[in-house]
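**Q** To start, I am sharing the structure in question, which I have written as structure tokens.
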Amino acid sequence: MPVNYTDQLEKIAEDIAKRSVQAYSDVINGLMELTEGKSAQEASVILSEANVENLMAVKLTAVYAAFDKGVVAMLENTFSSVVLSEDVLQGLLSEAKGYLSQTFINGTTSGMRQEIISGIVSGLEPSQVIANMKALGYDEKHLQTIVQSGYNQYSNSIKNIMYDELPDNAMFVYIGAYDDRTRPACEQKILTSPASKKKILGEFGNFNNEIWNCRHTWEEVTNDLTGQGFERKKL
């Protein structure tokens, strides 16, 4: 995986995280304004009737567009002798977006409502409610990790489908950084590389990386392993 490609995805994920935090802040400010001067009970009724999920979806429209940009970059830099149809790629993209929606919207709104109610009871300013949301894990760093993991899920899906089309003796290499941050599971795959499809499936069961904030991926072997991003020695 070329360095400029991983850097590009990281920057996109960072941008998405910043936009998401801003979207959360905008929605919280709007809901706090809507419930201003209300009792906790009155605010609870208002928030239960408000379609917070739709508000978040609208605010995150640009986020999903940015995620698409990262997927395009990923596909442009994914080497394979197998070509997947547009229908398959779009279907997998919808699944990846569903993962983001579940995390960024469905998994957020209930906590947002609760924090706003608590903020009203405690007399907190919107900025303090936003700070509490960040403390719950809705900060830029955590959201960036979620986005990068979403890219990993998409990449794993397309590669498992592509590589299923190849013969058992097809050769692969596990590329990505090999340093003190490399997990034992990833190190094992690096040390196994290059390896045949049969050996990889026998030892690891699939062509997945370690998904959560993982910096690695399986690729078909080329004539330039170093150029692919394969690091034989630990830095």
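The values are calculated or read from the model by the stated rules, or taken from the named source; none is laboratory data. Computed from a predicted structure; not experimentally measured. Heads up, the Cβs are rebuilt from the backbone with ideal geometry, glycines too, and the neighbour counts pull from every protein chain shown.
**Q** In the stretch 167-220, which residues are among the aliphatic types (A, V, I, L, M), without any contact (Cβ under 8 Å) to a residue 60 or more places away in the chain and either touching a strand residue (DSSP E or B) at 6+ places or on another chain (Cβ under 8 Å) or assigned by TED's automatic domain parsing to the domain that holds ALA13 (or both)?
**A** Across the stretch 167-220, the qualifying residues are ALA170, MET171, VAL173, ILE190, ALA195, ILE200.
**Q** Mind telling me which of the residues VAL63, VAL88 ends up being closer than 17 Å to MET133 by Cβ, touching a helix residue (DSSP H, G or I) at 6+ places or on another chain (Cβ under 7 Å) and of a type in the set (Val, Ile, Thr)?
**A** It is VAL63.
**Q** Within the stretch 131-156, track down each residue that is of a type in the set (Gly, Ala, Ser) and either touching a Ser or Thr at 6+ places or on another chain (Cβ under 7 Å) or under 16 Å from ASN213 (Cα atoms) (or both).
**A** Those that are of a type in the set (Gly, Ala, Ser) and either touching a Ser or Thr at 6+ places or on another chain (Cβ under 7 Å) or under 16 Å from ASN213 (Cα atoms) (or both): GLY137, SER149, GLY150, SER155.
**Q** Checking the conditions here, which among ASN29, ASN54 is in contact with a helix residue (DSSP H, G or I) (Cβ under 6 Å, 6 or more places away or on another chain), more than 18 Å from LYS159 (Cα to Cα) and polar (S, T, N, Q)?
**A** ASN29
**Q** For residues in the stretch 1-42 being hydrophobic (A, V, I, L, M, F, W, C), assigned to a helix (DSSP H, G or I) and at pLDDT below 85, which is nearest to HIS142 (Cα to Cα)?
**A** Ranking the qualifying residues of the stretch 1-42, first place goes to LEU9.
**Q** Quick check on GLU140: is it out of contact with any Cys (no Cβ under 8 Å at 6 or more places or on another chain), assigned by TED's automatic domain parsing to the domain that holds GLU36, of a type in the set (Asp, Glu) and modelled with pLDDT of 85 or more?
**A** yes
**Q** Next question. For GLY98, are the conditions met, namely being in a loop (DSSP other than H, G, I, E, B) and under 15 Å from the mean Cα position of the chain (by Cα)?
**A** The answer is no for GLY98.
**Q** Sort out which residues of the stretch 38-61 are among the hydroxyl-bearing types (Ser, Thr, Tyr) and under 22 Å from the mean Cα position of the chain (by Cα), and write them in order of number.
**A** If the condition is that a residue be among the hydroxyl-bearing types (Ser, Thr, Tyr) and under 22 Å from the mean Cα position of the chain (by Cα), then THR61 is the only one that fits.
**Q** Let me ask something else about it. With a cut-off of at least 3 residues that are under 24 Å from the mean Cα position of the chain (by Cα) and under 19 Å from LEU9 (Cβ atoms), name the helices (runs of 4 or more DSSP H) lying wholly within the stretch 112-229.
**A** Correct list: 140-163.
**Q** Same structure, new question: What are the residues in the stretch 47-61 that are touching a residue at least 12 places away in the same chain (Cβ under 8 Å) and exposed (fewer than 15 other Cβ atoms within 10 Å of the Cβ), if any?
**A** Those that are touching a residue at least 12 places away in the same chain (Cβ under 8 Å) and exposed (fewer than 15 other Cβ atoms within 10 Å of the Cβ): SER48, GLU53.
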